[in-house]
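Down below is the structure, laid out as structure tokens.
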Amino acid sequence: MTTLTPTIVVLCGGVSAEREVSLGSGRASALALARTFPTRLVEVREARLPVGLDPARDVVFSTLHGTFGEDGAMQSLLNAAGVHYAGCDAASSALTFDKERTKQAVAAAGVRVAAGVSFPASHRPTTADLVARLGPEVVLKPRASGSSVGLAVCDDPAGLERALAGLADGEWLAEQRIRGRELTVGLLDGKAMGVVEVVPQGGTFDYTSKYTKGLTQYLAPAPLSDAVTAAAQAAAERAFAACGCRDYARIDFMLSPRDELFLLEINTLPGMKDTSLLPMSARCAGLDFTSLVRELVNPALRRFRGGIR
């Protein structure tokens, strides 16, 4: 057991398609953390552990999004090096990065998921087969990715045909499109914070809508009945626990016109700028950005001081 105040090492950048988003998250988080803790910002440029991490003095706060950030790879390297870190462990990170495995885990816990089909691009199903199984409106997305990279919302079989023809190599997930309202819930230590509604101008919260100013409206808190708010928070907490998540996450849902909640995905290292969705959820619960990042690292600090892995 130690009383040492460690340095918080903020990791940003990375090697995924979400590198630029991560750089913004890292800078914002490091500035906020430096108000409370000794802090160092480290830009990751390769798929390996940064040089100079000291397990006796450093605690990592990662803002690496996507591959080699949220998929458990970095977490596994930190475990092997004996370095404490905030957020989900390697196993839950790997599980939640795989959308199909996530759906299976949360469905077993009673959380609704959309009907879907997973497949490799090399053995893609036909348009007719998908329409027969999922209906005429289908969402195509990479089985493992974030920030809506590669997302295609197909309004009809012709659009689905085009999207299937253009798929890149890799594993993909086709899902029945659920029309409704998109909601997101931040969780801190497994407890749900405020529910935020995401209202993209074009109707789809894709990469462009997420990261182009003015294309999306955010309602925080979401204008929902108390019953629906409570249901979204409870579903988020069930999903978090079902996937073995730790410390914090952000969980996204679609709310159907019948007030049925369908899980979209679990984000274990969500965007961390002041204007990102997790901080919006936290503000609904009375936490400003500086207070939020302090709370996000506190469980890791407790593990560090207690010698707990």
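Tallying residues that are charged (D, E, K, R) and assigned to a strand (DSSP E or B) within segment 185-202 yields 2. As for segment 132-145, it holds at least one residue that is crowded, with 17+ Cβ neighbours inside 10 Å, touching a Phe, Trp or Tyr at 6+ places or on another chain (Cβ under 7 Å) and of a type in the set (A, V, I, L, M). Might you check whether a residue that is assigned to a loop (DSSP other than H, G, I, E, B), of a type in the set (A, V, I, L, M) and either assigned by TED's automatic domain parsing to the domain that holds residue 266 or in contact with a Ser or Thr (Cβ under 9 Å, 6 or more places away or on another chain) (or both) occurs anywhere in segment 76-85? Within segment 76-85 (the criterion being assigned to a loop (DSSP other than H, G, I, E, B), of a type in the set (A, V, I, L, M) and either assigned by TED's automatic domain parsing to the domain that holds residue 266 or in contact with a Ser or Thr (Cβ under 9 Å, 6 or more places away or on another chain) (or both)), the answer is no, since none of the residues qualifies. The residue that is modelled with the highest pLDDT, counting only those in segment 164-193 that are in contact with a Ser or Thr (Cβ under 7 Å, 6 or more places away or on another chain) and among the small types (Gly, Ala, Ser), is 186. Of all the residues in segment 280-293, those that are out of contact with any Gly (no Cβ under 8 Å at 6 or more places or on another chain) and crowded, with 18+ Cβ neighbours inside 10 Å number 4. State which residue is nearest to residue 275 (Cα to Cα) when the search covers only segment 14-24 and only residues that are among the hydrophobic types (A, V, I, L, M, F, W, C) and assigned to a helix (DSSP H, G or I). Ranking the qualifying residues of segment 14-24, first place goes to 21. When the residues of segment 194-232 are filtered to those that are at pLDDT below 95 and of a type in the set (Gly, Ala, Ser), the one that is surrounded by the most Cβ atoms within 10 Å (Cβ to Cβ) is 209. Restricting segment 258-274 to residues that are within 28 Å of residue 58 (Cβ to Cβ) and surrounded by fewer than 21 Cβ atoms within 10 Å (Cβ to Cβ), the residue that is nearest to the chain's Cα centre (by Cα) is 273.
Of everything listed in (1) in a loop (DSSP other than H, G, I, E, B); (2) within 24 Å of residue 307 (Cβ to Cβ); (3) in contact (Cβ under 8 Å) with a residue 60 or more places away in the chain, the single unmet condition for residue 11 is (1).
The values are calculated or read from the model by the stated rules, or taken from the named source; none is laboratory data. These numbers were taken from a predicted model, which means no experiment stands behind them. Because the Cβ atoms are built from the backbone with ideal geometry, glycine has one as well, and the counts that use them run over all protein chains shown.
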